[in-house]
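Below you'll find the structure, written out as structure tokens, and then a few comments.
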């Protein structure tokens, strides 16, 4: 699999590299799946008469490896987990970003997150979308009062009816919050307690599932609760199955955020900047927030003028002040702690 | 044509395949081998000669468990697939009229025509608590409440067997169809029963085809990521899943490469074990 992955990364880089050389007026972006929605990309392509080549990736490690194997100039735009912006900057893969031309004053103040996007006084990225890793559930199958506390969410009562989102950082963040440990404060000494919580959760879960598998499990009744879920998991199903919903328990939950920046050495820095301006404009934000891949809150509050009332209801627009106050950012471990956390996660899965 | 001319012509035919193999197997393999001896310090890749990644594999219990799980699943899939594919290939080769055999083979491999990923998700729906199998068993009163089939090892094995029975049917059929009917007639004439004919004549003669198919099943199954990831529900981890976790966030290519080399060592052992019967020309 490693050979295949490496070959895949190399051939991907080569193919995009070739197209970048051949075509002028093209933009190459490494993105998450929500950016691949034609409803989001086509208006930009039409307005600027360019072609946007999108490459999806999973995991910051894969994205950084792909960038490392590419030539300078192959890529123009990078969408990245907010907590990993510093990793891209350390690897010299993001260019400084001139935010004076961006509507930063329109952002929800809590998600500007200079601590993520600005390093040594230089801004390299801006937040474009955020949401929560919390509790998704089927309101017809569980007692909604039980969903208001992490202790009752994964109690014996729901044994075998739980799926866990398959990403160790947010789920371990939730386990830390359940034990009154702030996600930003997680250290090696906290891991045994977090491990115990994870073991309990694991023993009562039916599966540990990725995005599609977790959605499928909830939609088909295979499970009634997804720990680590949120609006990004259930919003796209809201129209057909309104009973699938989500909440933030009283202990709080984890907040995710994704950032966007210009890749260092881009051959189209002006076009890349135009793309970022479009993505964080009110219209771009509304389209990104309701992408067919997954929904999430726009960082720019002005998107509220464009979104419909129904869309804002699904996103819980009016509850955002409470949610922002109640949630904590993803854990952002250093390299050594990251290894310990990942080992603990894998040990738990193998139990 | 002179011997020298024939030799040059032979080289001309072999060179493209040789270059392809060097470029896309030998070189990547050497890179992977070198990578497995490198280390990741913090987030910086340090090239060198270190066995620390192999030591890590030896030390971590969850990695050992992943190898065990991979082997158990692969052996189960291989045995079950052979047991199902052999009778199917036999029926197609000896019971289906010659003019219908092509259609029968086409039907046997029809599931190949759908996407591997889509097929796996389809199985997830079929095996769900409210899926077709549970509903059928509830309907005939076999069970009183739905049982958990999805997100288990059973689901992973089912998805694999569905795929590999098709592959094995083709390899075993190709072997059976080459057998002259005179072997069976001679055995019967000499007084052998149907079972004795199969046990002492047909089976030994078709063993190379069976082992070849089984070996391919073993190789493809032990390195597969998609099926256990979708159908297994992470109820237990296989080696490819552990490799993907190393790559996804931390980009730990050295450890991932060491795991891949270790996996390759297991495949090599399987090859050595089956080499006696392996006949790739029977495919």
*In peptide A:204-212, what is the residue-averaged number of other protein chain Cβ atoms found within 10 Å of each Cβ?*
5
*Where a ≥ b ≥ c are the square roots of the eigenvalues of the C-alpha gyration tensor, would you call the range A:104-200 rounded, which needs a/c under 1.5, or, failing that, prolate if a/b is larger than b/c, or oblate?*
oblate
*Enumerate the residues in the range A:297-311 having an amide nitrogen under 17 Å from the point lying 7 Å beyond the Cα of residue A:105 toward its Cβ.*
A:300-303
*asked:* Students often check this: by mean Cβ neighbours within 10 Å, which of A:103-114, B:192-203, B:77-88 ranks highest, and how do the rest follow?
replied: B:77-88, A:103-114, B:192-203
_Cut-off 15 Å (backbone N to label point 7 Å along Cα→Cβ of residue A:241), residues of the range A:105-149_ = A:136-142
*Could you tell me whether the range A:169-210 comes out rounded, prolate or oblate from its Cα gyration tensor? Rule is a ≥ b ≥ c as square roots of the eigenvalues, rounded for a/c under 1.5, then prolate if a/b exceeds b/c, otherwise oblate.*
prolate
*Sorted from largest down, give the three principal axis spans of the alpha carbons of chain A, whole angstrom values.*
60, 45, 38
*Could you list, bin by bin from short to long, the percent of Cα-Cα pairs of the range B:34-158 in 5 Å steps?*
2, 8, 9, 11, 13, 13, 12, 10, 7, 6, 5, 3, 1, 0
_Distant alpha-carbon pairs in the range A:178-299 (separation over 21 angstrom), percent_ = 57
*What ratio of Cα Rg to 2.2 N^0.38 Å holds for the range B:217-269?*
1.13
*To the nearest whole number, what is the average tally of beta carbon atoms from other chains within 10 Å of the beta carbons of peptide B:249-262?*
5
*Determine the relative contact order of the range B:60-282: mean sequence separation of Cα pairs under 8 Å and six or more apart, normalised by residue count, in whole percent.*
29
_At a 10 angstrom cut-off on C-beta neighbours, averaged per residue, how do the peptides B:139-146, A:87-94, A:298-305 rank from highest to lowest?_
A:298-305, A:87-94, B:139-146
*What is the Å³ per residue value for the convex hull set by the Cα atoms of the range A:267-351?*
193
*Averaged across the residues of B:231-239, what count of C-beta atoms belonging to other chains lies within 10 Å of each residue's C-beta?*
5
*Cα principal axis extents for the range B:60-282, largest first, Å*: 65, 48, 29
*asked:* I need A:270, A:74 ordered by Cβ neighbour count within 10 Å, fewest first.
replied: A:270, A:74
_Mean ellipticity per residue at 222 nm, deg cm²/dmol - from DSSP H runs of n ≥ 4 across chain A, formula -39500 (n - 2.57)_ = -11500 deg cm²/dmol
_Segments A:218-231, B:214-227, B:53-66 sorted - mean Cβ within 10 Å per residue, highest first_ = A:218-231, B:214-227, B:53-66
*Kindly give Rg over Rh for the protein assembly as shown, based on alpha-carbon atoms, with the Kirkwood expression for the hydrodynamic radius.*
1.01
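Rule-based calculations on the coordinates, nothing more; no lab input. Keep in mind the model is a prediction, meaning the values are calculated, not measured. Glycine also receives a Cβ, built like all others from the backbone with ideal geometry; neighbour counts cover every protein chain displayed.
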